[in-house]
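Working notes, structure below.
The values are calculated or read from the model by the stated rules, or taken from the named source; none is laboratory data. The shown structure was predicted, so the numbers you read here are calculated from the model rather than taken from an experiment. Reconstructed Cβ throughout: ideal geometry from the backbone, glycine too, with neighbour counts over all protein chains shown. Just so you know, the surface numbers come from the protein's heavy atoms only, side chains and all, with ligands and any DNA or RNA stripped out. Shrake-Rupley method; radii C 1.70, N 1.55, O 1.52, S 1.80 Å.
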Amino acid sequence: QVQLVESGGGLVQPGGSLRLSCAASGSISSSARMGWYGARMSWYRQAPGTQRELVASITSDGPTNYADSVKGRFTISRDNIKNTVALQMNSLKPEDTAVYYCNVFWSTANNYWGQGTQVTVSS
């Protein structure tokens, strides 16, 4: 079992930046640590009245994928030593306002979500 804790959300003006971080909390079993290394890590977001959508993902060997709406502005990265995944968000827009969730997946039985962190872009 892996518990994920997100941090870094908040209120920012349009054009500003935020960095979200997601870390595995507590001790991680050796089997979970092995799974983490091969996991696909992602950030999703959900605005009020909308479905949760994929923002960015990164595979174990590095290739990344981004939603068209954030390409060129957001960057996802991972640190397998520290068991963290981050999302650097630049040039933020009001439409980026949402609750952001991190996700770590390496099998149907190992699909973990964080509790979510609020990002509000407003002047």
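Here are the numbers for this structure:
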| quantity | calculated |
| --- | --- |
| Extreme residue, nearest to Met34 (Cα to Cα), among residues of segment 96-123 that are surrounded by fewer than 13 Cβ atoms within 10 Å (Cβ to Cβ) and in contact (Cβ under 8 Å) with a residue 40 or more places away in the chain | Ser107 |
| Condition check for Glu53: among the charged types (D, E, K, R), surrounded by 15 or more Cβ atoms within 10 Å (Cβ to Cβ) and touching a residue at least 12 places away in the same chain (Cβ under 8 Å) | no |
| Top-ranked residue in segment 18-44 [being open to solvent by less than 60 Å² (accessible area, probe 1.4 Å) and either among the polar types (S, T, N, Q) or without any contact (Cβ under 8 Å) to a residue 12 or more places away in the chain (or both); ranked as farthest from Thr64 (Cα to Cα)] | Ser29 |
| Checking Pro63 against (1) on the phi > 0 side of the Ramachandran plot; (2) without any contact (Cβ under 8 Å) to a residue 12 or more places away in the chain, the condition it does not meet | (1) |
| In segment 77-95, the residues that are surrounded by 15 or more Cβ atoms within 10 Å (Cβ to Cβ) and farther than 16 Å from Trp36 by Cα | Leu87, Gln88, Met89, Leu92 |
